[in-house]
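Input: a single structure, listed below in structure tokens.
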Amino acid sequence: MGYMLEIENVHKTFNIGTINEKVALNGVNLKLNEGDFVTIIGGNGAGKSTTLNAIAGVWPVDQGKLIVDGTDITRLPEHKRAAYLGRVFQDPMIGTAATMSIEENMAIAARRGERRGFGWGISKKEREEYKKKLKVLGLGLEERLSSRVGLLSGGQRQAITLLMAALKKPKLLLLDEHTAALDPKTAAKVLEISDKIIDENGLTAMMVTHNMKDAIVHGNRLIMMHEGKIIYDVSGEEKKSLSVSDLLAKFEEASGGEFANDRMLLA
Amino acid sequence: MIINYLSSLDPTALLRALPGNVAQGLIWGIMALGVYITFRILDFADLTVDGSLATGGAVAVMLIKGGMHPAVALIFAFLAGLAAGFITGMLHTAFGIPGILASILTQIALYSINLGIMGKSNQSIGIAQQNLVASLRYVTADDREIFFLKLILGCLLLVAFVYWVFGTEIGSAIRATGCNPQMARAQGINTNFTKVAALMFSNGLVGLCGGIYAQYQGSADVNAGRGAIVIGLAAVIISEVIFGKLCSGKRFSFAYTLSAVFVGAILYYVAYTLVLWLRMPSDYMKLFSAIVVACFLAIPYLKEKHAVKRRMAK
């Protein structure tokens, strides 16, 4: 069996040739097996979100290769890569279309990677299916199928975005600090839903987080990034036995103590 | 003096002008429907309209002069509008030119193209032309009720068509693009394609409107579209301010919203006539149009600001 995701020596520099030049990814290498759920931690500007954006194709990479389940996607535009990916963003506003209803948003997600034609945008059968899926969330959204998403709270929108990401089973689920903008209680709920969706669908997933405890508790693998590189990669029993102070020690080792003031400490 | 002025105003003149206002409003409402698609659904300020409206008229009039049936000529007016929208869309998506600028470039280019189509700045088909889809003379004819009935029916059919288009998978993709392009791309929507498609559809309707309006007037003019976007925006915004609450939250609310655009266009022409009736010099009519649109655009913003202030004060 091949890997579900292969990142080979990916480089990305922003604003080349200007005073704002910034090396964001400096030779990232990573291989994920099917069913891997990897959490990604690191300081600000370490390249965590940039890695997910490189996979999603928000911009082209300067160098390197991205392969999803054997398909080279390095040169595909963002909307074509979407066929392989489910994405949830840090900002709850980004994952859904505010002026459209819950069911319309879900119907759009259900057609990810398919040709969109002049068939009606949503069918009766779909509606029943969405109702069932929403009910599982336990947020009462199954009664509000035709409500505009813009009327919902950030947590509700994030939960719907998660459902949408898994509606059409993706090869890879990208969670980009998707609980960072939520209050602690809602964040915990959204994380719980994430675990459930990943587990039930057997998804391969990557989750960027600023919360070290979450990074340890969730998933089967953990990587730490620093200055555009992966500096630490653990999985299995070793990961399970990690503590927050172990991770902090790793950080300091990698960065020479500069993390002392980083907001990671707040986690 | 004031008494002299007031007594010189003839209320029956207003009433007499009403059928013409309604006809004009319904015809321009077709353009406003196109403006609604770009301005509200795609969130794109498309100024191509000023050019593509005249293009639709020029194409229709030249084809009718060449012997084509006026109704068939409208198909070509629609196609010409599609082409205009395609150019703006490509300038924006394939060449990365900002939306407003891309549409201004097309608009300017169309001025020359429209002159080229017509050979001169104005071409007339004459009021006696047979089989016209719409005409000033129908408004005063004995059987004008039938004309109005047909016109209203035609507009409702267009509303139904636009309603259907935006209910389909492609239409939903266009709506998502206008609302949240990041989400659209993450869900596999090619936002460049949807933008071009929406611009084409919108300008197709504008070209159709231009073709009908040229028949109504009996001539096509290279300046016919000057300021058309403002009239379109006026119709859209008037309809939203007056009917916005009435239309929302219902089944088929989108169809009501689209129909309200036509009422907005009619109201615009009624107001227009009212101002002329008050003997304001017609030179100032563009100023009047601009003020109307500016006011109606400002109202929702100022209302919100005021509401925030009041909440803060509490």
Legend entry - Principal axis box of chain B, alpha-carbon based, largest edge first, Å: 61, 60, 36
Inset, instruction - Can you work out the PRE-style zone for B:ASP10? Point 7 Å along Cα to Cβ, and I want the residues of region B:233-273 with backbone N under 20 Å. - result: B:270-273
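Which value results for Rg/Rh of region A:98-166 when Rg is the Cα radius of gyration and Rh the Kirkwood radius based on the inverse mean 1/r?
Rounded to two decimals, Rg over Rh is 0.94.
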Legend entry - Interchain or long-range residues, amide H under 5 Å from A:ILE231's placed H: A:MET224, A:MET225, A:HIS226
Legend entry - Around A:GLY155: net Lys/Arg minus Asp/Glu count, Cβ-Cβ under 10 Å: +2
Legend entry - Zone of B:ALA45's modelled label, taken as backbone nitrogen in region B:92-109 under 14 Å from a point 7 Å along Cα→Cβ: B:98-105
Inset, instruction - Please check which bits of region B:226-264 a label hung off B:LEU101 would reach, taking the label as a point 7 Å along Cα-to-C-beta and the cut-off as backbone N under 15 Å. - result: none
Inset, instruction - Percent of Cα-Cα pairs per 5 Å bin, from 0 to the last occupied bin, for region A:1-51, please list those. - result: 5, 17, 22, 23, 16, 9, 5, 3, 1, 0
Legend entry - Relative contact order for region B:63-145, counting Cα pairs under 8 Å that sit 6 or more residues apart, in percent: 31
Inset, instruction - Starting at the first residue of region A:225-238, write each ³J(HN,Hα) from the Karplus equation 6.51 cos²θ - 1.76 cosθ + 1.60 with θ = phi - 60°, in whole Hz, x for Gly and Pro. - result: 10, 8, 6, x, 9, 7, 10, 7, 9, 10, 8, x, 4, 4
Legend entry - Descending semi-axes in whole angstrom, ellipsoid equivalent of chain A, from the Cα gyration tensor: 31, 22, 17
Inset, instruction - Starting from region A:109-195, pick out the trypsin sites (Lys or Arg not before Pro) whose DSSP state is loop and whose Cβ has at most 11 other Cβ atoms within 10 Å. - result: A:ARG115
Inset, instruction - Treating each Cα of the protein assembly as shown as an identical point scatterer and ignoring solvent, apply the Debye formula and state log10 I(q)/I(0) at q = 0.10, 0.12 Å⁻¹. - result: -0.92, -1.15
Inset, instruction - Determine the distance separating the Cα centre of region B:107-153 from the Cα centre of region B:60-106; give it in Å without decimals. - result: 18
Inset, instruction - Could you check the simple spin-label distance between B:LEU297 and B:LYS245, using points 7 Å along Cα→Cβ, in nm with one decimal? - result: 2.5
Legend entry - Estimated 222 nm signal from helices in chain B, with DSSP H stretches of n ≥ 4 weighted -39500 (n - 2.57), rounded to 500: -26000 deg cm²/dmol
Inset, instruction - With only Lys, Arg, Asp and Glu charged, each at its Cβ (+1 for the first two, -1 for the last two), find how big the charge dipole of region B:259-314 is about the Cα centre; round to the nearest 20 debye. - result: 500
Inset, instruction - Show the residues, 5+ positions off or on another chain, whose built amide H is closer than 5 Å to the amide H of A:ARG87. - result: A:LEU174
Inset, instruction - Name the residues whose placed amide hydrogens come within less than 5 Å of the amide hydrogen of A:ASP36, ignoring near sequence neighbours (fewer than 5 apart) on the same chain. - result: A:ALA205
Inset, instruction - List, largest first, the extents of the alpha carbons of region A:1-92 along their principal axes, each in whole Å. - result: 44, 26, 25
Legend entry - Stokes-Einstein translational diffusion, region B:207-274 - Kirkwood Rh over all Cα pairs, 1.567 mPa s, 4 °C, in µm²/s: 98
Inset, instruction - Work out from phi, with θ = phi - 60° and the Karplus expression 6.51 cos²θ - 1.76 cosθ + 1.60, the ³J(HN,Hα) of each residue of region A:140-150, listed in order in whole Hz, and give x for Gly and Pro. - result: x, 6, 5, 8, 10, 3, 9, 6, 5, 4, x
Legend entry - Loop GluC sites (Glu not before Pro), region A:90-128, which have at most 14 other Cβ atoms in a 10 Å radius of their Cβ (DSSP): A:GLU114
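Compute the convex hull volume of the Cα atoms of region B:1-86, divide it by the residue count, and report the result per residue in Å³ as a whole number.
167
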Legend entry - ³J(HN,Hα) computed for each position of region B:172-189 - Karplus, 6.51 cos²θ - 1.76 cosθ + 1.60, integer Hz, glycine/proline x: 4, 5, 5, 4, 5, 4, x, 7, 7, x, 5, 4, 4, 5, 5, 9, x, 8
Inset, instruction - Putting +1 on Lys and Arg Cβ atoms and -1 on Asp and Glu Cβ atoms, find which of A:SER123, A:ILE102, A:GLN90 reaches farthest to the positive end of the dipole of region A:67-138. - result: A:SER123
Legend entry - Estimated distance in nm for a label pair at A:GLU34 and A:VAL58, the labels positioned 7 Å out from Cα along Cα-to-Cβ: 3.0
Inset, instruction - Can you tell me how much longer the chain between A:ILE231 and A:LYS135 gets when fully stretched, taken as 0.36 nm per residue apart minus their C-alpha distance, in nm with one decimal? - result: 30.4 nm
Inset, instruction - Over region A:50-151, calculate the relative contact order: mean separation of alpha carbon pairs under 8 Å at least 6 apart, over the residue count, as a percent. - result: 25
Legend entry - For region A:1-159, diffusion coefficient by Stokes-Einstein and Kirkwood Rh (Cα), 4 °C, 1.567 mPa s, µm²/s: 72
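Could you calculate the FRET efficiency of B:THR140 with B:ALA160 from 1/(1 + (r/R0)^6), where r is the beta carbon distance between them and R0 is 35 Å, rounded to 0.05?
The pair B:THR140/B:ALA160 has a calculated efficiency of 0.75.
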Legend entry - Size of charge dipole - chain A - debye, nearest 20, with Cβ of Lys, Arg +1 and Asp, Glu -1, no other charges: 1160
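The numbers here are math on the coordinates, done by the rules we state, and not lab data. Just so it is clear, the structure is predicted and the values come from calculations on it, not from any experiment. Please note: Cβ atoms are built from the backbone with ideal geometry, for glycine as well, and neighbour counts cover all protein chains shown.
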